[in-house]
Amino acid sequence: QVQLVESGGGLVQAGGSLRLSCAASGSIFSFNVMGWYRQAPGAQRELVAGITRGGSTTYVDSMKGRFTISRDNAKNTVYLQMNSLKTDEPDAYYCAASRGSAWSVDGMNFWGSGNLVTVSS
């Protein structure tokens, strides 16, 4: 059974930075794609950033230039560096992985339990 363990969430001041980590129980190269998804209260879960097995990355337009997805192959861990945080909403961030190639929520095979990120004024 594949496990994705997330860490790094918490409270951060507006304009500050936070780094989320997602550690896989096995090799991250067993997945074609891995990504971070965000869900605000009452909203749909949406893709924030993703990375393919080959190293290609994708970002939502609102996060480009502020968020960076990366990985440490030796640690089987994917990271999300979040800079210049602006929102004051308590959003939940989820790590996800798939052996397919689609970025849709329904297409993800494995999910972390999620961790909360709150940006204060």
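The values are calculated or read from the model by the stated rules, or taken from the named source; none is laboratory data. Note that the structure is a prediction, hence the values are computed from the model and not measured. Glycine also receives a Cβ, built like all others from the backbone with ideal geometry; neighbour counts cover every protein chain displayed. Heavy atoms of the whole protein, side chains included, go into the accessibility calculation; ligands, DNA and RNA do not. Shrake-Rupley method; radii C 1.70, N 1.55, O 1.52, S 1.80 Å.
Give me the 1.4 Å probe accessible area per residue for the chain, excluding ligands and nucleic acids, in Å².
Per-residue accessible area for the chain comes out at 51 Å².
Counting only the backbone N, which residues of the range 22-43 are under 19 Å from the spot 7 Å out from the Cα of residue 58 toward its beta-carbon?
Answer for the range 22-43: 29-39.
What does the convex hull of the Cα atoms of the chain come to per residue, in Å³, rounded to a whole number?
Cα-based convex hull of the chain, divided per residue, equals 95 Å³.
With the full set of protein chains in place, find how many percent of the accessible area of the chain is carbon and sulfur; take the probe as 1.4 Å.
45
With N set to the residue count of the range 57-106, report its C-alpha Rg divided by 2.2 N^0.38 Å to two decimal places. Each step should come with its number before you reach the end.
Values: Rg = 12.7 Å, N = 50, 2.2 N^0.38 = 9.7 Å.
Normalised by 2.2 N^0.38 Å, the Cα Rg of the range 57-106 equals 1.30.
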